[in-house]
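For reference, the structure is listed below as structure tokens.
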There are 2 protein chains.
Amino acid sequence: MKARVTVTLKNGVLDPQGKAIEGALKSLGIDGVDSVRQGKVFDIELAGADKAAAEAALKAACEKLLANTVIENYRVEIGA
Amino acid sequence: MKARVTVTLKNGVLDPQGKAIEGALKSLGIDGVDSVRQGKVFDIELAGADKAAAEAALKAACEKLLANTVIENYRVEIGA
């Protein structure tokens, strides 16, 4: 079973990396970019076919390792 | 207009960061994880309302800056 976990910064948390990308895009001549915020994505391959168990395991993984829940939000999507 | 760009490693490209996360999840007692691959996500706020123009600009951004197209794939999703 495939799953995707997306970890993004919470609103209000400064993102200097995103700001740098925004500046770089402008200097490359790509117009119309108002803001950029960078996050992380984890494509995870899971054993077993129990979606509920997989979701619980991935939420535990996010809380323990993948996301810093003080400053980041996470979203778990279970695929086929 | 909001857009999300997802950049992931191509199949066959080694991902030591993903391997390290996989090992860490196992040592934290999270079972059933077969593989992890890490990618990047960019949440971009764009000026204007022309979806086609936005998509073209973001594809240019990916080719020039956001993705290394030798080893990475990218996907552009235009939101509301």
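A few points about this structure:
- Single unsatisfied condition, residue A:10 versus (1) touching a residue at least 40 places away in the same chain (Cβ under 8 Å); (2) within 7 Å of chain B (Cβ to nearest Cβ); (3) loosely packed, with under 13 Cβ neighbours inside 10 Å: (2)
- Residue that is most open to solvent (accessible area, probe 1.4 Å) [pool: residues in the range B:38-53 that are more than 7 Å from chain A (Cβ to nearest Cβ) and among the aliphatic types (A, V, I, L, M)]: B:49
- Boolean, residue B:5 is more than 7 Å from every other protein chain (Cβ to nearest Cβ) and in a loop (DSSP other than H, G, I, E, B): no
- Residue check for residue A:69: more than 9 Å from chain B (Cβ to nearest Cβ) and either among the hydroxyl-bearing types (Ser, Thr, Tyr) or in contact (Cβ under 8 Å) with a residue 24 or more places away in the chain (or both): yes
- Only one of the numbered conditions (1) more than 7 Å from chain B (Cβ to nearest Cβ); (2) under 15 Å from residue A:10 (Cα atoms); (3) of a type outside the set (D, E, K, R); (4) surrounded by 12 or more Cβ atoms within 10 Å (Cβ to Cβ) is violated by residue A:35, and that is (1).
- Qualifying residue in the range B:22-32 (condition: farther than 25 Å from residue A:32 by Cα, among the aliphatic types (A, V, I, L, M), in contact with a strand residue (DSSP E or B) (Cβ under 6 Å, 6 or more places away or on another chain) and at the interface with another protein chain (Cβ under 10 Å from one of its Cβ atoms)): yes
- When each of B:78, B:30, B:71 is tested for being open to solvent by less than 50 Å² (accessible area, probe 1.4 Å) and either under 15 Å from the mean Cα position of the chain (by Cα) or within 20 Å of residue B:13 (Cβ to Cβ) (or both), the lone residue that passes is B:78.
- Qualifying position, being closer than 18 Å to residue B:43 by Cα and of a type in the set (Gly, Ala, Ser), among A:12, A:48, A:29: A:12
The values are calculated or read from the model by the stated rules, or taken from the named source; none is laboratory data. Fair warning: this is a prediction, and the values are worked out from it, not measured in the lab. Note that we place each Cβ from the backbone using ideal geometry, even for glycine, and neighbour counts take in every protein chain shown. When the accessible area is computed, the model is the full protein with side chains, heavy atoms only, and any ligands, DNA or RNA have been set aside. Shrake-Rupley method; radii C 1.70, N 1.55, O 1.52, S 1.80 Å.
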